[in-house]
Amino acid sequence: MYTNILDTLRKILFIKIIADDSLGQYGKMRLEYLYNKKYGLYKELLCSGELVSHCKYVQAQTFVMKKNIIDKYVKLGYSYISCSKAAEEIIISNLVGYK
């Protein structure tokens, strides 16, 4: 019973954080990844009070990385749309850690 209550509280807290408007798409994806795949790190960041700031940091890095990737490949003559899609896949698999 005690475990069920803790699980319910964890889920409520997760939902409350995911509903935070200050987290964008990549920040929320990082949060989901940590919660579902790296729960130990998720708990460590949560207990230290650094979970949201970590997700915001990853989110900020994704925008920098995406811009750099797109700029690099557009200069090589690739279309912006194909560069944007490629950058999205690279970011999701490497920085967000989702795939």
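Annotations
- Cross-link pairs beyond the 21 Å C-alpha cut-off, checked among Lys38/Lys72; Lys28/Lys85; Lys43/Lys67; Lys28/Lys67; Lys11/Lys43: Lys38/Lys72; Lys43/Lys67
- The Rg/Rh ratio of the stretch 25-91, with Rg taken over Cα atoms and Rh as the Kirkwood radius over Cα pairs, comes to 1.13.
- Residue exposure sequence - Leu34, Leu13, Leu76 - by fewest surrounding Cβ within 10 Å: Leu76, Leu13, Leu34
- Cβ charges +1 (Lys, Arg) and -1 (Asp, Glu), total dipole of the stretch 2-96, debye: 140
- Restriction of the GluC sites (Glu not before Pro) in the stretch 46-94 to DSSP coil positions whose beta-carbon has at most 16 other beta-carbons within 10 angstrom yields Glu50.
- Under the simplified labelling scheme, the Asn36-Phe63 pair shows an inter-label distance of 2.5 nm, with each label point 7 Å from Cα along Cα→Cβ.
- Positive-pole candidate from Leu13, Ser48, Ile91, dipole of the stretch 2-96, charges at beta carbon: Ile91
Readers should treat all values here as calculations from the given coordinates under stated rules, not as data from a laboratory. Since the structure is predicted, the reported quantities are computational estimates derived from the model, not experimental observations. So basically every Cβ, Gly included, is an ideal-geometry build from the backbone, and we count neighbours across all protein chains shown.
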